[in-house]
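Student: This structure is in structure tokens; I'll ask about it shortly.
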Amino acid sequence: RGFFSIQDEASQLIGFLVSPQKNTLIYDACSGPGGKTAHLYELTAGQAEIHAIEKTNKQIEKAKESFARLGHSNINLVHKDFLEFCPKQKADKILLDAPCSGLGTIRRHPEAKLLKKASIVESLLELQQKLITHALSLLKPGGELIYPVCSFETEETIDHLTWLKENF
């Protein structure tokens, strides 16, 4: 009925890290089914301008259903690859929950130990860096990029900070 949404604790914390404020422009890049987007909406009582960018049809449909169920009517769903998203306005905040190896979810998905190969981390690095670079280009001066990943691999986390310092 839209009384609540179920999220794990880590997902809930992301919204608080974004710390969305009323009357701000927020892009949720790679928004998936929209759980974090909905939380951002709720944290601002619907008073922020939120754009959820997602490229897959399945996730867009899930987000539409979820937002309708929750009564979140003014979230702008953008069906597009974030790397092709070129808005006219720069954002105050961008949440970039980039595709990652998912190795941080092994507790909930122990089969990942058998199904994932070490090369998955390396294969995602270039995409993650492209997404970060694009996100930075869409931020207002003084804006914030929030980059949560569920992986604890240094290549997907700390190493990006080193890369940023060397390239920006």
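Student: Relative contact order of the chain, please, whole-number percent, based on alpha carbon pairs below 8 angstrom and at least 6 residues apart.
Tutor: 23 percent
Student: Using 17 Å as the cut-off for backbone N distance, which residues of the range 104-146 belong to the label zone defined by a point 7 Å from the Cα of Asp159 along Cα→Cβ?
Tutor: So the set is 104, 117-133.
Student: Hey, any idea what % of the range 1-127's accessible area is carbon plus sulfur with a 1.4 Å probe?
Tutor: Summing carbon and sulfur atoms, their accessible area is 52 percent of the total for the range 1-127.
Student: Of Lys116/Lys140; Lys90/Lys113; Lys55/Lys116; Lys88/Lys130, which ones are farther than 28 Å apart at the Cα?
Tutor: Where the Cα-Cα span goes over 28 Å, the pairs concerned are Lys116/Lys140; Lys90/Lys113.
Student: Between Lys55, Lys116, Lys22, find the one with the highest GNM mean-square fluctuation for the chain; connect C-alpha pairs within less than 10 Å.
Tutor: Lys116
Student: Oh, and also: Taking a ≥ b ≥ c as the square roots of the Cα gyration tensor eigenvalues, with a/c under 1.5 meaning rounded and otherwise prolate when a/b beats b/c, else oblate, which class fits the range 107-168?
Tutor: Prolate.
Student: Next up: When a/c reaches 1.5 or more, the comparison of a/b and b/c decides; with that in mind, is the range 14-59 rounded, prolate or oblate per its Cα gyration tensor?
Tutor: Here the range 14-59 falls in the prolate category.
Student: Label the chain by shape, choosing from rounded, prolate and oblate, from the square roots a ≥ b ≥ c of the eigenvalues of the Cα gyration tensor; if a/c is under 1.5 it is rounded, and otherwise prolate applies when a/b is larger than b/c, oblate when it is not.
Tutor: It is oblate, given that a/c is not under 1.5 and a/b is not larger than b/c.
Student: Take each of the peptides 155-164, 91-100, average the number of other beta-carbon atoms within 10 Å over its residues, and list them starting from the highest.
Tutor: Packing proxy ranking, top to bottom: 91-100, 155-164.
Student: Accessible area per residue for the chain in Å², computed with a 1.4 Å probe and the full protein assembly in place, what is it?
Tutor: 59 Å²
The values are calculated or read from the model by the stated rules, or taken from the named source; none is laboratory data. Because the structure is predicted, anything quoted here is derived from the model rather than measured. Here Cβ is always computed from backbone atoms with ideal geometry, including for glycine, and neighbour counts include all displayed protein chains. What goes into the accessible areas is simple: the full protein's heavy atoms, side chains included, and nothing from ligands, DNA or RNA. Shrake-Rupley method; radii C 1.70, N 1.55, O 1.52, S 1.80 Å.
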